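The structure appears right after this line, and notes come after that.
Rule-based calculations on the coordinates, nothing more; no lab input. Note that the structure is predicted; figures quoted are calculated from it, not measured. In this analysis, Cβ positions are derived from the backbone assuming ideal geometry, glycine residues included, and neighbour counts consider all displayed protein chains.
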Amino acid sequence: MNRPAERPRRTTFLPYGRQWIDERDIEAVSAVLRGDYLTTGPLVPEFEGKLAEKVGARYAVAFANGTAALHAACHAAGIGEGDEVITTPLTFVASANCILYQGGTPVFADIDEQTYNLDPRAVESLITDRTKAIIPVDFAGQPANLTKIHELANQYGLIVIEDAAHALGATYKSLKIGSVSHMTMFSLHPVKHITAGEGGVITTDNEVYYRKLLDFRNHGIVRDPSYLEHATPGKWYYEMQTLGFNYRLTDIAAALAISQLDKLDDFVGRRRAIAQTYNQAFRDLDILDTPYQEGSGESSWHLYVIRLNLQRLNVGRDEIFDRLIRENIGVNLHYIPVYLHPYYERLGYPPGLCRKAEQLYETILTLPLYPAMTDEDVEDVIHTVRQVLSECMKTTVAG
Ligand SMILES: *Cc1c(COP(=O)(O)O)cnc(C)c1O
């Protein structure tokens with residue numbers, strides 16, 4: 001135990017996720033700075049059109065960030081006080097916070113132990129006559145069980161708002177993610193598949209949702225004469241019809257988003273290749289589980305989450321985590337079950353609510369995965385994970 005500290009294999013810290021920015025991105029943004037529009041101008045609708053086309057949706061509406069986009073989707077879905085919305089606990093807090101923003105009640109359904117996505121049976125058991133919507137999350141980039149979730153939605157008259165922050169570029173049964181659910185959210189945060197610094201999008205085929213999303217993004221203000229409530233006194237006239245927010249995306253950000261969207265296929269391809277390399281490299285280890293792929297879609301691999309077999313280790317997950325960080329491998333943890341956060345605790349959500357999610361949370365680690373990783377970076381992760389785990393293996397005593 002008193003072994004002198006060895007130098008880490010890596011001298012620089014490798015984060016778990018990071019953006020890819022090239023000269024074309026920089027030129028695209030610079031061109032906006034030299035032009036007329038900084039906030040929403042022509043590039044926002046251009047980006048929306050390109051993204052909608054890319055994912056096979058009729059409409060896309062861009063927002064200041066993915067959380068604002070989820071908030072707007074909950075508004076468009078008509079979620080309000082007394083409404084229950086079922087979601088997963090194994091997600092970023094924004095997937096549930098958006099329900100609270102609208103005065104609704106998040107209801108957490110447990111996950112499937114293999115895919116870590118919402119278990120449709122758990123969802124069904126929680127549907128009541130107050131349930132209004134389901135917010136499935138495509139965890140790590142693997143689509144949720146959307147067939148079953150949409151069957152439930154049809155049967156019980158629910159709206160599906162898919163949180164696809166992890167799943168831009170993923171497919172489900174030959175459909176593109178973004179064209180499957182009533183509304184789908186993508187995030188443009190720097191660790192996600194493409195970035196605008198900050199940004200978010202909702203895609204939908206529904207024109208009513210589309211109009212509501214547009215109004216909500218801009219204070220609830222309507223200008224289109226065919227949708228005004230009062231008679232138009234003049235061309236300057238606009239009216240505020242609902243209580244919206246300023247959730248607009250800037251043209252600066254949209255320029256970056258357009259330039260990044262051109263590279264999406266390459267980004268996803270590189271993510272898939274790295275995931276394949278990890279799968280191969282860890283295949284022979286029974287001390288960890290690589291991410292199970294259910295097969296009805298193709299993940300776009302936002303995250304590579306391994307599950308440790310703690311029975312075979314002489315230390316806990318947190319020790320493995322610390323050792324990897326000391327070796328400059330930027331592991332992370334996705335996620336703390338949402339309802340275990342103090343705010344949700346105070347709302348009355350008890351520990352033990354979703355046992356599978358809580359058990360999983362004790363055993364998982366996220367390894368670095370992003371297109372800008374070099375092959376050498378990938379090898380560093382593989383080598384270091386294998387080394388740290390072998391150092392922490394229980395020695396089985398014969399007899
Ligand atoms: C990133 C993320 C969001 C929120 O996106 P922002 O753009 O950061 O607001 C929501 N849900 C999930 C699952 C995410 O990973």
- What's the local net charge at Leu43, with K and R +1, D and E -1, over the other residues with C-beta under 14 Å away? -4
- Counting other C-beta atoms within 10 Å, which of Arg323, Arg9, Arg217 has the fewest, and how do the rest follow? Arg9, Arg323, Arg217
- Message: Given axes a ≥ b ≥ c from the Cα gyration tensor, I'd like to know whether segment 23-261 is rounded (a/c under 1.5), prolate (a/b larger than b/c) or oblate.
- Response: oblate
- Can you give the calculated 222 nm mean residue ellipticity of the chain, where each DSSP H run of n ≥ 4 adds -39,500 (n - 2.57) and the sum is split over every residue, rounded to the nearest 500 deg cm²/dmol? -10500 deg cm²/dmol
- Where labels lie 7 Å past Cα in the beta-carbon direction, separation of Ser125 and Ser174 in nm: 3.5
- Task: May I ask you to derive the relative contact order of segment 246-399, considering only C-alpha pairs under 8 Å and at least 6 residues apart, and to give it as an integer percent?
- Result: 29
- What residue among Trp236, Ile111, Val305 has its Cα farthest toward the positive end of the dipole of the chain, where the charges are +1 on Lys, Arg and -1 on Asp, Glu, each on the Cβ? Val305
- Note on the structure: Hull volume per residue for the chain, using the convex hull of the C-alpha atoms, in Å³ is 161
- Which shape class applies to segment 148-208: rounded if a/c is under 1.5, otherwise prolate when a/b exceeds b/c and oblate if not, where a ≥ b ≥ c are the square roots of the Cα gyration tensor eigenvalues? prolate
- Of Leu333, Gly295, Pro350, which is farthest on the positive side of the dipole of segment 264-391, counting Cα position, with +1 on Lys and Arg Cβ, -1 on Asp and Glu Cβ, and the Cα centre as origin? Pro350
- Within the chain, the percent of DSSP beta bridges that are antiparallel, given to the nearest 5, stands at 60
- One quarter of the C-alpha convex hull surface, i.e. the mean projected area of segment 264-391 in nm², amounts to 9.5
- Cβ-placed point charges (K, R +1; D, E -1), dipole of segment 32-98 about Cα centre in debye, nearest 20: 300
- Item | Arg9-Arg58 FRET efficiency (beta carbon distance; Förster radius 45 Å; 0.05 resolution) | 0.35
- Any idea what the dipole of the chain comes to, in debye rounded to 20, about its Cα centre with Lys/Arg Cβ at +1 and Asp/Glu Cβ at -1? 340
- Query: For Asp265 and Gln387 in the same chain, what is the full-extension length gain: residue separation times 0.36 nm, less their Cα-Cα distance, in nm?
  - Reply: 40.6 nm
- Task: Only loop residues by DSSP count here, and only those with at most 14 other Cβ atoms within 10 Å; note down the trypsin sites (Lys or Arg not before Pro) in segment 262-312 that meet that.
- Result: Arg283
- Message: Under a Cβ-only charge scheme (Lys and Arg +1, Asp and Glu -1), can you give me the dipole magnitude of segment 259-399 about the Cα centre, in debye to the nearest 20?
- Response: 460
- Length-normalised contact order of the chain in % [C-alpha pairs under 8 Å, at least 6 apart]: 22
- Fewest to most neighbouring Cβ within 10 Å: what's the order for Met393, Met185, Met373? Met393, Met373, Met185
- Pop the C-beta distance of Asp286 and Asn246 into the FRET formula with R0 = 45 Å and round what comes out to the nearest 0.05. 0.30
- Ascending count of other beta-carbon atoms within 10 Å, so fewest first, for Leu118, Leu310: Leu310, Leu118
- From the Cα centre of segment 52-131 to that of segment 211-241, the distance in Å is 28
- The answer for the net charge of residues other than Phe92 whose Cβ lies under 15 angstrom from its Cβ, with Lys and Arg +1 and Asp and Glu -1, is -3
- Item | Sorted peptide list for 56-68, 122-134, 76-88, criterion being average Cβ within 10 angstrom, highest first | 56-68, 76-88, 122-134
- May I ask you to list the residues of segment 273-291 whose amide nitrogen lies under 18 Å from a point 7 Å from Cα along the Cα→beta-carbon direction of Thr374? 274
